[in-house]
């Protein structure tokens, strides 16, 4: 489609344009030849632990219409999870007519509207392949062109072939787009290797960074409430038992649901995992305070007031009022 | 007109906040630190923060409308954004990459991209393979 567009423009070009193109071409070629696309290095563990060939054939294909790769990719991953979402319905939900495209925050937010949590993945080819091996298709953002003339594009990675070093994508109008790892990685690197997987509440995919998992579930909680997010916070504390902030968040969800004892016990777990987590001590102290267990409260808030960090000041001033 | 509208909305929102009629998590009664606040490591006044968040959302809504998003859809779209996503979009929607998958290039660029495609650096023209 865009080829036709180019052909039309080519007819309008004059000799001058052709000459400058020639000069530019020589220039670019000389630069590029010195650094051809190289094979992205995969970790040894990736070769050892992942199956050599994966293809998620049950991911449906929705060809992109016009500029609408955002709605199309979202429909593919949502449908794959059994969510009833059509491209036609997704277009007014995620497409921005003035930009002729869809932006990253809205891609994540739209999954949320369909009661799925979108988790941005770690930006490495190893982690992309690991998610595919774990049965999760990955929405990836690429710049198919060069940074100077960007061609931003969303596609769904559905498989790979390790010996042949190829990635398989549902991309644009192509149902099975095969790309070498090196070419894919060159286009993916231009978006800082951005991509995400979606999961229903109560599931946290393996390999998501603690911070990103927290942000994703917290955003889901802000939209759908503590009750809807509680299973995901529980899943997070199981998936990442050393992530004290996960316990902190779980405790807040319990508290919002009036499960005060669970909230307190979970906060104690958070402080056991990370005794330096001032904000957990502070909340624990506030809980004791609400329960009028003053001695406990003072002791705990005192702890928070001694730990440097953004909450130290608040803890210190609270201590003075006791 | 947009500025007037925004000012009007801000005043209204601030009044609403002051009245405390906003749906605030139960945590507010004991003053527990919310998860979102803790994630942003944000000890600034939560009230002030909330006003910023709401203004950012009003801003995003205006920008989306200006970019041709259907007025009937825009509210739900903004509501689905997290605070940090709303802030990010309020600040840089114009500059944000928007996945579209189509390019309108000049002849010179066409030639360059053809070469980079053949070199395996880009993936603009699938017919190069």
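I'd like the FRET efficiency for residue A:115 and residue A:299, computed as 1/(1 + (r/R0)^6) with the beta carbon distance as r and R0 of 51 Å, rounded to 0.05.
Computed FRET efficiency for residue A:115 and residue A:299: 0.75.
Return the single residue from A:252, A:242, A:57 with maximal mean-square fluctuation; model: Gaussian network over chain A, springs between Cα atoms under 10 Å.
Greatest mean-square fluctuation among the candidates belongs to A:57.
Quick one: what Rg and Dmax do you get for the stretch A:120-220 from the alpha carbons, in Å?
13.7, 42
So how do B:61-69, A:135-143, A:228-236 stack up, highest first, on mean other-Cβ count within 10 Å?
Highest to lowest by the protection proxy: A:135-143, A:228-236, B:61-69.
Which semi-axis lengths, in whole Å and largest first, follow from the square roots of five times the eigenvalues of the Cα gyration tensor of the stretch A:44-199?
Values for the stretch A:44-199, descending: 24, 18, 14 Å.
For chain A, modelled as a Gaussian network with Cα springs under 10 Å, which listed residue fluctuates most, A:91, A:198, A:117?
Its mean-square fluctuation being the largest, the pick is A:91.
Would you tell me the mean number of C-beta atoms belonging to other protein chains that fall within 10 Å of each C-beta in A:104-116, as a whole number?
If you average over the peptide's residues, the count of other-chain Cβ atoms is 5.
Can you work out the FRET efficiency for the pair residue A:316 and residue A:262, with r the C-beta to C-beta distance and R0 = 41 Å, to the nearest 0.05? Please list the in-between numbers first.
On the way: r = 28 Å, r/R0 = 0.69.
For residue A:316 and residue A:262, the calculated efficiency is 0.90.
Would you tell me the mean number of C-beta atoms belonging to other protein chains that fall within 10 Å of each C-beta in A:177-183, as a whole number?
If you average over the peptide's residues, the count of other-chain Cβ atoms is 3.
How high is the relative contact order of chain A, in percent, with contacts defined as C-alpha pairs under 8 Å that are six or more residues apart? Present the calculation step by step, with values, prior to reporting the outcome.
Details: 490 pairs, mean separation 40.1, N = 322.
RCO, chain A: 12 percent.
Project the alpha carbons of chain A onto their principal axes and report the range along each, largest first, in whole Å.
85, 46, 42
Can you give the mean number of other chain Cβ atoms that lie within 10 Å of the Cβ atoms in peptide B:112-120?
That average works out to 6.
For the stretch A:210-321, what is the convex hull volume of its Cα atoms per residue in Å³?
That works out to 97 Å³ per residue.
Using the number of other C-beta atoms within 10 angstrom as an exposure proxy, rank A:288, A:154 with the fewest first.
Least to most surrounded, the residues fall as A:288, A:154.
Helix A:104-113 sits at what angle to the longest principal axis of chain A, using alpha carbons and giving 0 to 90 degrees rounded to 10?
Once rounded, the angle reads 60 degrees.
Among A:160-173, A:257-270, what's the highest-first ranking by average C-beta atoms within 10 angstrom per residue?
Top to bottom by mean Cβ count within 10 Å: A:160-173, A:257-270.
Values in this text are rule-based calculations from the coordinates and carry no lab data. Remember, predicted model here, so these are calculated numbers, not experimental data. Please note: Cβ atoms are built from the backbone with ideal geometry, for glycine as well, and neighbour counts cover all protein chains shown.
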